[in-house]
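Enquirer: So that we are looking at the same thing, I have put the structure below in structure tokens.
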Amino acid sequence: MLEVVNPATGRMLRGLEPATVADADAAVARAKAAFPKWRAVEPAERSRMLRRLADALDRERESLAQLESRNTGKPISDARGEMGMVAETFHYYAGMPERNLGETIPVSGGIDMTFREPLGVVALIVPWNFPLTIASWKMAPALAAGNTLVLKPAELTPLSAIEFDRIALEAGLPEGVVNVVVGPGRTVGQRLVEHEDVAKVAFTGSTEVGRGIMAAASKTIKRVTLELGGKSANIVFADADLERAAAAAPPAFLGNAGQDCCARSRILVERSAMDEFMSHFERAVKAVRVGDPASEKTEMGPLISASHREKVASFVPEDAPVAFRGAAPEGPGFWFPPTVLAPVSNSDRVAREEVFGPVVAVIPFKDEDDAVRLANETVYGLSGSVWTTNGAKALRVARAVETGVLSVNSNTSVRVATPFGGFKQSGIGRELGPRALEHYTEVKNVYFSTEEDQVGR
Ligand code: NAD
């Protein structure tokens, strides 16, 4: 029995019979059977169907947000924002079927044209931190391009995916186009990655599991996109609006209780501004409201599980340089207080490894070159921020940091219309924005001879 738990209380929300490898095979078979009809749906009609689905998701936004908040422990206001993005993502890609354009290429003796063809059955494997949001980033472009799909949510947070399955059917998506299997990664997930009838795997999760998926996918030369871990830098120069930078820094490391691949879990501060920044930052961290996710005022909830809390705690040993901490409820539930470590060296474990909890390492730097060197001294490259009032410096640093997404004077990373993904060991490929469709299509090149007497060349 799979026990789905509310992390804020530790109590069981629902018991589920976990899927088996045979269930995964059956889901792939359903998706395969549905593919020819789904790919043949006229683009304008596929748009209309996806729009109806987006509208249905919008109508069910509140109940989905409540469910997601109970299952993940995220504050209800965050869950509402995320469910808004889920509907918006479907609205955005609903406009794509008729914009899934090819090219015409002038060649001698005829006309060459390209088409973007769907891949077939795609498997989508997602983590527990933003369950339906991350699934929607994959499902919407996959469906818009004419693929059918099997979605495997994380074992800890399957409830919103199960609801999505119902909503998609009720909104009129044909049977077999969307299939949800709730089961363990190492059996059900692994099977999807190895299955001969799955053309592509889109995975979001840890770098370690991503590495295994890439290796397993090689057996069938599957297409793979990976959104993996991060250790992003929040770079604060002395000429920045320090009060504003400090006020924006807490949500950037403790949003979603720090369980965010984009978390700016290293704050690099120009040495001359360290004292002033830290005093603003302390005030901002201590003002964060940690508590009941159901309360409208809550800004941070619990961690996802007891075992994850142990892992996070291992980054704050007895002798850790704790500068200050925020508050957290005692329990029940898997609470961990916002924790600021300073000063930290970039070679310390907490500065190198992904904590995935509300723990941040503050690292001083000397000058611009030093900041860029420290920011890049990591195997990851997902997101990051630069705070400065010097525009030229902001652009120089933005270009020099090896990362997929970077914000200037802001700590946000994700927008439906712009590409999201990582450099280095943070992943392969980009989600969101118009280009995501490329990861769910193959280019077909058709040459059409215009010469009457041409013998095949
Ligand atoms: P995880 O890698 O443990 O699991 C992710 C998914 O993979 C789950 O559904 C799991 O069941 C499945 N899985 C596990 N083993 C598998 C296998 N052998 N074959 C196939 N599937 C398998 O990650 P998690 O603990 O759920 O999530 C946290 C991680 O996700 C963090 O490292 C975080 O940085 C990363 N993440 C990245 C992004 C991004 O966009 N880059 C977004 C969110 C989370």
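Conditions tested, residue by residue: (1) within 22 Å of L156 (Cβ to Cβ); (2) hydrophobic (A, V, I, L, M, F, W, C); (3) in contact (Cβ under 8 Å) with a residue 24 or more places away in the chain; (4) in contact with a strand residue (DSSP E or B) (Cβ under 6 Å, 6 or more places away or on another chain).
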position: L53; (1), (2), (3), (4): no, yes, yes, no
position: A56; (1), (2), (3), (4): no, yes, yes, no
position: R61; (1), (2), (3), (4): no, no, yes, no
position: T72; (1), (2), (3), (4): yes, no, yes, no
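Enquirer: Taking the options A246, A257, name whichever one is touching a residue at least 40 places away in the same chain (Cβ under 8 Å) and within 17 Å of T412 (Cα to Cα).
Expert: The match here is A257.
Here's the yes/no breakdown for (1) in contact with a Phe, Trp or Tyr (Cβ under 9 Å, 6 or more places away or on another chain); (2) more than 16 Å from the ligand (Cβ to nearest atom); (3) within 28 Å of L50 (Cα to Cα):
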site: V177; (1), (2), (3): yes, yes, yes
site: V193; (1), (2), (3): yes, no, yes
site: F203; (1), (2), (3): no, no, yes
site: V209; (1), (2), (3): yes, no, no
site: A233; (1), (2), (3): no, no, no
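Enquirer: For W335, only one of the following conditions fails: (1) within 16 Å of the ligand (Cβ to nearest atom); (2) in contact with a strand residue (DSSP E or B) (Cβ under 8 Å, 6 or more places away or on another chain). What is its number?
Expert: Tallying (1) within 16 Å of the ligand (Cβ to nearest atom); (2) in contact with a strand residue (DSSP E or B) (Cβ under 8 Å, 6 or more places away or on another chain), W335 fails exactly one: (1).
Enquirer: OK, next. Could you tell me which numbered condition R186 fails, if it satisfies all but one of (1) more than 19 Å from the chain's Cα centre (by Cα); (2) assigned to a loop (DSSP other than H, G, I, E, B); (3) within 11 Å of the ligand (Cβ to nearest atom)?
Expert: Evaluating R186 over (1) more than 19 Å from the chain's Cα centre (by Cα); (2) assigned to a loop (DSSP other than H, G, I, E, B); (3) within 11 Å of the ligand (Cβ to nearest atom) leaves (2) as the failure.
Enquirer: Open to solvent by 10 Å² or more (accessible area, probe 1.4 Å) and out of contact with any strand residue (DSSP E or B) (no Cβ under 9 Å at 6 or more places or on another chain): is that true of A171 in this structure?
Expert: yes
Residue-by-condition table, conditions (1) outside the structural domain of E208 (by TED's automatic domain parsing); (2) touching a residue at least 12 places away in the same chain (Cβ under 8 Å); (3) of a type outside the set (V, I, T):
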site	(1), (2), (3)
P75	no, yes, yes
F90	no, yes, yes
G102	no, yes, yes
P106	no, no, yes
W137	no, yes, yes
P141	no, yes, yes
A145	no, yes, yes
L149	no, yes, yes
T157	no, yes, no
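Enquirer: Need the failing condition index for T157 against (1) assigned to a helix (DSSP H, G or I); (2) open to solvent by less than 10 Å² (accessible area, probe 1.4 Å); (3) out of contact with any strand residue (DSSP E or B) (no Cβ under 7 Å at 6 or more places or on another chain); (4) not basic (K, R), just the number.
Expert: Every condition holds for T157 apart from (1).
Enquirer: While we're here: Enumerate the pairs (first residue in the range 186-214 and aromatic (F, W, Y); second residue anywhere and assigned to a strand (DSSP E or B)) with beta-carbon separation below 6 Å, excluding pairs fewer than 6 apart on the same chain, so at least 6 apart or on different chains.
Expert: F203/I125; F203/L226
Enquirer: Between T389, T412, T441, which is free of Cβ contacts under 8 Å to residues at least 12 places away in the same chain and β-branched (V, I, T)?
Expert: Matching residue, one of T389, T412, T441: T412.
Enquirer: Can I ask one more? Just to verify a result, which residue in the range 306-342, among those that are open to solvent by 30 Å² or more (accessible area, probe 1.4 Å) and part of a strand (DSSP E or B), is nearest to V290 (Cα to Cα)?
Expert: By that ranking, first place goes to R325.
Enquirer: Still on this structure, I have one more. Mind telling me which of the residues A8, A24, A31, A19 ends up being open to solvent by less than 30 Å² (accessible area, probe 1.4 Å), closer than 22 Å to V193 by Cβ and outside any helix (DSSP H, G or I)? Working first, answer last.
Expert: Working: A8 fails: closer than 22 Å to V193 by Cβ; A24 fails: outside any helix (DSSP H, G or I); A31 fails: outside any helix (DSSP H, G or I).
Of the residues listed, the single one that is open to solvent by less than 30 Å² (accessible area, probe 1.4 Å), closer than 22 Å to V193 by Cβ and outside any helix (DSSP H, G or I) is A19.
Enquirer: Scan the strands (runs of 3 or more DSSP E) fully inside the range 49-153 and keep the ones with 3 or more residues being among the acidic types (D, E) and crowded, with 24+ Cβ neighbours inside 10 Å. Outline the logic, then answer.
Expert: Numbers: elements: 104-107, 110-118, 121-125, 148-152.
Counting at least 3 such residues, we get no strands (runs of 3 or more DSSP E) at all.
Enquirer: Which of the strands (runs of 3 or more DSSP E) contained wholly in the range 189-265 include at least 1 residues that are in the same structural domain as R430 (by TED's automatic domain parsing) and open to solvent by 40 Å² or more (accessible area, probe 1.4 Å)?
Expert: In the range 189-265, 223-227 are the strands (runs of 3 or more DSSP E) which contain 1 or more residues that are in the same structural domain as R430 (by TED's automatic domain parsing) and open to solvent by 40 Å² or more (accessible area, probe 1.4 Å).
The values are calculated or read from the model by the stated rules, or taken from the named source; none is laboratory data. All of these numbers come straight from a predicted model, not from anything done at the bench. A quick note on method: Cβ atoms are made from the backbone with ideal geometry, for glycine too, and the neighbour counts reach across all protein chains shown. Accessible surface areas use protein heavy atoms only, side chains included; no ligands, DNA or RNA. Shrake-Rupley method; radii C 1.70, N 1.55, O 1.52, S 1.80 Å.
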